[in-house]
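Asker: One structure coming up, written as structure tokens, with questions to follow.
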């Protein structure tokens, strides 16, 4: 018997070209255990494999986005990921970049692994009642789900160091000021705002969007004067210019109509 979506620890539902991926352990503030990590990876893989899905939104059921690792599971010495997930990390996204854009819709509490999920996404919309932060040092551990690797790429080094060494929470105002999130809105507007942002992206040529995302990430550690950075950009441009969508874009503009993207 197929398990209903609402009973799964994570699931995907479709809204046009947008995949809404929901972490679904509201009784535990969507804290990560192995079952949720496996279900989340399955949802992510479904999103990646479906050519009709162009943008993903990651959110949480109930009042929380994600409370991070389920410390009860840690205390019981049970794994937080499924067999074979180590190479990809929590939910299949912590260690493996996916080509399609992913937006975090932070509807509530998002400390520890919740903040690390946000950092693994490309864009973020945050509730004005939510809280971010990496409090692991307060529990004798470190933010090993990517927080220590990614935070300083998003905010100034001194801000990142203060955050990870004090474990202090990050308010919505601070998150917006430092560019950790793209929008801060009232709690009841988080999903609508994330959908609006996803719609703006989904209207564009999907292969061009994916190539743009790859180049930005790959070139982030390079100077824009380095030959390697320009090779990344030039190679991506050459591939895109050979696609059907690259021909459709100028043609639809000249014919004064909306483009019909084929994703090829």
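Asker: Select from the range 58-89 the residues that are within 16 Å of residue 48 (Cβ to Cβ) and in contact with a helix residue (DSSP H, G or I) (Cβ under 9 Å, 6 or more places away or on another chain) and write down the one among them that is surrounded by the most Cβ atoms within 10 Å (Cβ to Cβ).
Answerer: The initial filter retains those residues of the range 58-89 that are within 16 Å of residue 48 (Cβ to Cβ), namely 58, 85, 87-89.
With in contact with a helix residue (DSSP H, G or I) (Cβ under 9 Å, 6 or more places away or on another chain) added as a condition, the list becomes 58, 85, 88-89.
Details: 58: 29, 85: 20, 88: 18, 89: 20.
It comes out as 58.
Asker: Which one of 264, 257 is in contact (Cβ under 8 Å) with a residue 40 or more places away in the chain, loosely packed, with under 14 Cβ neighbours inside 10 Å, in a loop (DSSP other than H, G, I, E, B) and more than 22 Å from the chain's Cα centre (by Cα)? Lay out the reasoning, then the answer.
Answerer: Details: 257 fails: in contact (Cβ under 8 Å) with a residue 40 or more places away in the chain.
Answer to the selection: 264.
Asker: Working only within the range 40-62, note down all residues that are touching a strand residue (DSSP E or B) at 6+ places or on another chain (Cβ under 7 Å) and farther than 15 Å from residue 117 by Cα.
Answerer: 46, 47, 53, 55 - these are the residues of the range 40-62 that are touching a strand residue (DSSP E or B) at 6+ places or on another chain (Cβ under 7 Å) and farther than 15 Å from residue 117 by Cα.
Asker: Shifting gears a bit: Checking the condition in contact (Cβ under 8 Å) with a residue 24 or more places away in the chain, touching a helix residue (DSSP H, G or I) at 6+ places or on another chain (Cβ under 6 Å) and crowded, with 17+ Cβ neighbours inside 10 Å, which residue from 160, 120, 143 passes? First the steps, then the outcome.
Answerer: On the way: 160 fails: in contact (Cβ under 8 Å) with a residue 24 or more places away in the chain; 120 fails: touching a helix residue (DSSP H, G or I) at 6+ places or on another chain (Cβ under 6 Å).
After ruling out the rest, the residue left standing is 143.
Asker: Could you check the range 1-34 and list, in sequence order, the residues that are crowded, with 16+ Cβ neighbours inside 10 Å and not in a strand (DSSP E or B)?
Answerer: Looking only at the range 1-34, we keep the residues that are crowded, with 16+ Cβ neighbours inside 10 Å, and these are 8-12, 17-25, 28-34.
Hits for the range 1-34 are 8, 9, 17, 24, 25, 28, 29, 30, 31, 33, 34.
Asker: Do you know which residues across the range 109-130 are at pLDDT 95 or above, closer than 14 Å to residue 63 by Cα and in contact with a strand residue (DSSP E or B) (Cβ under 7 Å, 6 or more places away or on another chain)?
Answerer: 110, 126, 127, 128, 130 - these are the residues of the range 109-130 that are at pLDDT 95 or above, closer than 14 Å to residue 63 by Cα and in contact with a strand residue (DSSP E or B) (Cβ under 7 Å, 6 or more places away or on another chain).
Asker: Given the structure, is residue 196 under 25 Å from residue 14 (Cα atoms) and without any contact (Cβ under 8 Å) to a residue 40 or more places away in the chain? It would help to see each step written out before you state the result.
Answerer: Numbers: under 25 Å from residue 14 (Cα atoms): yes; without any contact (Cβ under 8 Å) to a residue 40 or more places away in the chain: yes.
So residue 196 passes the test.
The values are calculated or read from the model by the stated rules, or taken from the named source; none is laboratory data. Since this is a predicted model, take the numbers as computed values, not measurements. For neighbour counting, all protein chains shown are included, and Cβ atoms are generated from backbone atoms with ideal geometry for every residue, glycine included.
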